[in-house]
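Scroll down for the structure; my scribbles are underneath it.
Read the figures in this text as sums done on the coordinates, not as results from a lab. Being a predicted model, the structure only gives us computed values, none of them experimental. Every residue, glycine among them, receives a Cβ derived from its backbone with ideal geometry; neighbour counts consider all protein chains shown.
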Amino acid sequence: MASALFTSIELRGLTLPNRVVVAPMCQYSAEDGTVGDWHVMHLGQYAVSGAGLLFVEATGVEAAGRITPGCVGLYSDENEAALKRVLNFCNAYGNVPVGIQLAHAGRKASVDVPWKGGAPINADNGAWQTVGPSAASYADGWHTPDEMDDETLDRVKQGFVQAAERSVRLGFKVIELHCAHGYLLHQFLSTISNRRNDTYGGSIEGRMRYPIEIYQAVRAVVPDDIPIGFRISATDWVEGGWDIAQSVVFAKELKKLGCDFIDVSSGGNSPDQQIPVGPGYQTGFAAEIKRETGLPTMAVGKITDALQAEHIIRSGQADMVALARGMLYDPRWTWHAAEALRATAAFPPQYQRCHPALAGEPVPGNPPPPEKVAKAAGAS
């Protein structure tokens, strides 16, 4: 039986060769939002990985929207030029379409990089004023954000629009809006962080309003053939907070507006969260959203094994699987999964000699049979 994981899928005007997604993974290695050589190396290795889709990490739509001073941004010409260099490199040598995740950290911004503790930074270390739906800090000792007024709401919205326009100009194939992990758009959804009593708070309709406005504003400036999706936290894992039932309501509204997929994660909006972490612990949320809305979903979280990923797709729980830590540990995960599932994934020609189809063949200088070369190239 042919592998389900290694079948193609269409998202609007884009066909992905398989259902394996390299998730957006913060590297905390940019300077003033500008990517560098680390990102060429990091993204370049996944560009030749044979995956179906590769995402650039959470990319701040304004300087104040970065999580840390080392986070990537797309709010200046310098940011754009540096990302162009990375994307050109990936496209020149790679075999994977590249997308970008646009983000704003809101009240969880202005913190140090994880390997330095991840705590809020002070003025001596370049701290900046954070913003959020309400003047409520993430936790004791964290920055208290300014509640966003009409001017700030519009400024951030325009930041998303301008970053989307830059993304199109750069040639990214997919745009994902970050509405998860306790960052700004997620903050608007949850009563834990949104205590407003105006049109952007209160009822679920009010709390969904700003993320929906962001989506509509971005969709309006992005060509119709480019897919736009959302990463959401399906639950806060806190009683009384955002939950899967509300996530289904939100996804249904996004579907009405033409959203192309939902990338389903969870948590991140409260230090009181109680997460039962285990293999595929968030996959059930992706399955419920897919079942209730019909939208393509992406499962993520502790998906590490090829057979596990295959089961998720074959059983209809999700349409794609996204890997982060698993890809960091094994950048050749897609190749190994294809071998385990007796499927094919694209290899760059420079690496074809390591393909299992060529096992036992002599080193270059004695060309292997053409049919084996075709198989090593990912041909059916």
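Summary of computed values
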{"item": "Contour minus Cα-Cα distance for Gln158 and Phe89 (0.36 nm per residue)", "result": "21.9 nm"}
{"item": "The stretch 109-165 and the stretch 322-339: distance between their alpha carbon centers, rounded to Å", "result": "33 Å"}
{"item": "Sum of -39500 (n - 2.57) over DSSP H runs of 4+, divided by residues of the chain (222 nm, nearest 500)", "result": "-10000 deg cm²/dmol"}
{"item": "Sites Gln216 and Arg342 - FRET efficiency at Förster radius 35 Å, r taken between beta-carbons, to 0.05", "result": "0.20"}
{"item": "Cleavage-rule hits, chymotrypsin sites (Phe, Trp or Tyr not before Pro), the stretch 122-195, DSSP coil, Cβ neighbours within 10 Å at most 15", "result": "Trp128"}
{"item": "Neighbour net charge for Val111 - beta-carbon separation under 15 angstrom, K R +1, D E -1", "result": "+1"}
{"item": "Nonlocal Lys pairs with alpha-carbon distance under 29 Å, the chain (8 or more apart, or different chains)", "result": "27"}
{"item": "Simple spin-label estimate for Leu257 and Arg195 in nanometres, 7 Å along Cα-Cβ", "result": "2.6 nm"}
{"item": "Stretchable slack from Ala123 to Asp330, in nm (0.36 nm times residue separation minus alpha-carbon distance)", "result": "70.7 nm"}
{"item": "Rounded to 5, the percent of DSSP beta bridges in the stretch 9-346 classed as antiparallel", "result": "15 percent"}
